[in-house]
1. Once Rh is set to the Kirkwood radius over Cα pairs, what Stokes-Einstein translational diffusion coefficient, in µm²/s, holds for segment 216-323 at a temperature of 37 °C and a viscosity of 0.692 mPa s?
2. Checking the cross-link filter: which lysines have an alpha carbon closer than 21 Å to that of K233, excluding same-chain neighbours under 8 positions apart?
3. Sketch the reach of a paramagnetic label on Q303 as a point 7 Å from Cα along Cα-to-Cβ, and name the residues of segment 148-175 whose backbone nitrogen lies under 18 Å away.
4. Under the 0.36 nm per residue contour assumption, what length would be gained going from the current alpha-carbon distance of N130 and D287 to full extension?
5. Between helix 176-186 and the chain, what is the angle of the helix's C-alpha long axis to the longest principal axis, kept within 0 to 90° and rounded to the nearest 10?
6. Taking the DSSP beta bridges in the chain as the whole, what percent of them are antiparallel, to the nearest 5?
7. What distance in nm lies between label points placed 7 Å from Cα along the C-beta direction at T63 and I317?
8. How are the C-alpha pair distances of segment 10-170 spread across 10 Å bins, as whole percents from the shortest bin up?
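Throughout, read-outs are computed from the coordinates displayed, never taken from laboratory work. Model, not experiment: these values are computed from the prediction. Note that each Cβ is placed from the backbone with ideal geometry, even for glycine, and that neighbours are counted across all protein chains shown.
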Amino acid sequence: MTVEIDGLAPWLSVPFEQLLRAWQAAELGHAPLIYGPEGLGKTALAHCLAKTMLCQQSGKAATVFCGQCHSCQLMDSGTHPDFFEVKPLEEGRQIGVDQVRQFNEQLALTPAVSQSRIGLIAPAEALNDNAGNALLKTLEEPPNNVYLVLVTNHLQRLLPTILSRCQKFSIALPESSQAVAWLQKEAPEASQGELSTALLMSAGAPSLALQTWQSGDVEAAKEVLNKLHAIAKGEGVSPDLAEQWAQNPSKVWAWLAFWVSQIARSAIQDDEIDPVVSAISQGQASDWSGLWHDALEGRSLCQTGVRQDLLLSRWLIKWESVVSPS
Ligand SMILES: [Zn+2]
């Protein structure tokens, strides 16, 4: 039996069943921790789990949330009084101790609508040390019928004291055929080539790939590749290219590292990558690893005061010397 849930990607069906079975068998600890690579929809999975646990119809006997009851409607509108979510106030920031203290207080109240109260922390690696320590109290002595659901992309960044108190559920990357089929449904206007590139750029994580495509990064990365190809054909490095790329250095370095790794791969194995990638790699037994390392290093220097236009310019000269026919 495979559960199909609206809004839940197909590769999450099996993990969702695993969580459901644990819940139905009363084997779900009070702190399930869902972990795996970024961009798989783990937070959506956590929402489905919470909705099921709070549903007034399903209880522990039914398979999945009913979608009809008062609790389900409150979850759909994002106003369930027994569901609390903690996340960074701004993307990329940490979760602070005050947020966790307030969260602890909310969870300690008696459930208003459902049988339980559920707190979701995503991404849990954003908890700073003080916030993590403040959470420990609830993790160690959870109030009755309180569950903490944690979601993380980086298990090793959680405090060991938190990790040891959680029940871990891992989410793996789907097969690339399944991922591409899902992407085609989500972005029917994209070509298969663009979607395959987006998936490769996202290390196989489909939700991240969708975001990458929607944000226009696939197109921008392809433009970078086309410039590299032009240089490889002997057209020279245009004088303002490094300066132009230095407007967005972190992404450009990531794309350079990505394309160099694709070119190196294409040189040794014959799978369908990008025709431009194949064109560049053809007949070149070059040492790509130096260019790849330099791109990663350039990226790591983005937050420092080092002038990115100079670094990019140096990288382009090296690129020209490696690929140029003359
Ligand atoms: Zn329901």
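1. Numbers: Rh = 13.9 Å.
It diffuses with D of about 237 µm²/s by this estimate.
2. K222, K318
3. Residues 153-158 fall inside that zone.
4. Numbers: separation 157, 0.36 × 157 = 56.52 nm, distance 4.64 nm.
Here the answer is 51.9 nm.
5. With both axes taken from Cα atoms, the answer is about 80 degrees.
6. Values: 0 of 17 bridges.
Approximately 0 percent, going by the DSSP bridge assignments.
7. Distance between label points: 6.5 nm.
8. 11, 42, 38, 9, 0
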